[in-house]
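The values are calculated or read from the model by the stated rules, or taken from the named source; none is laboratory data. Given the structure is predicted, the values throughout are model-derived calculations rather than measurements. Cβ coordinates were reconstructed from backbone atoms using ideal geometry, including for glycine residues, and neighbour counts include every protein chain displayed. The area values use the complete protein model at the heavy-atom level, side chains included, leaving out ligands, DNA and RNA. Shrake-Rupley method; radii C 1.70, N 1.55, O 1.52, S 1.80 Å.
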Amino acid sequence: MAQIHRQTQILLIFSLFCGSFQATGSEENKQEANNSIAEGKAFYQENVSPKFAQNGCMKCHARGYIRPNISYESMLRRLAIGDSAENNVLIYKIGNVRSFSLNIPNHPGGQRCATIDAEPCKTVRQWWAIEFGIARTNK
C-alpha cells in the first residue's frame, strides 16, 4: 500500500512538473505570436501603406469610397488567402491577375504593379514573408 501511495506521489509531482513546462512553452508561443503580429503591423504601416499611397490606391480606397478600405486588418485578410507571397488575393488584385475574362478585370482600378517585382507588389511580398513566411515554411 505504501508503494502505491509513493508511486501516486511521484506521478503527481511529475505531472505538475510537466504542466509547468507546458504553461511556460505556451506563454512563450503567445509572446512570439504577439511579436510577429506587432512586427507585421509595423511593417505594414511603415512600408506597405506608403507604397499604396504613392501608387494612387487611396484615391479610390480612402474613407469607404470603394471597399476594401486600405487598413492593416483589411489588407491582412486578403494577404492571408493564398499560400505564398506570389499566390494570394492581394497580389492578384493589385497585379490585376487571374481575371475571369479579359473584358472583366480583377481590379477595376487597373494593374497597380507592372510585375510582381515592381511596387507596391514587391513590398506586399515582403510583408507576406513577415506575416506568414516562417510559419508556413516550417510545416
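When K41, K122 are compared by accessible area of protein heavy atoms, the largest-first order is K122, K41, using a 1.4 Å probe.
For the residues C121, C60, a 1.4 Å probe over the protein chains yields an accessible-area ranking, largest first, of C60, C121.
Relative contact order, whole percent, for the stretch 47-115 stands at 17, derived from Cα pairs under 8 Å and 6 or more residues apart. Computed with a 1.4 Å probe on the full set of protein chains, the accessible area for Y92 sits at about 40 Å². Computed over neighbours whose Cβ is under 10 Å from that of E119, the net charge equals +2, Lys and Arg +1, Asp and Glu -1.
Heavy-atom accessible area, probed at 1.4 angstrom with all protein chains present, ranks E73, E131, E119 as E73, E119, E131, highest first. Across the accessible surface of the stretch 72-129, with the other protein chains kept in place and a 1.4 Å probe, carbon and sulfur atoms take up 57 percent.
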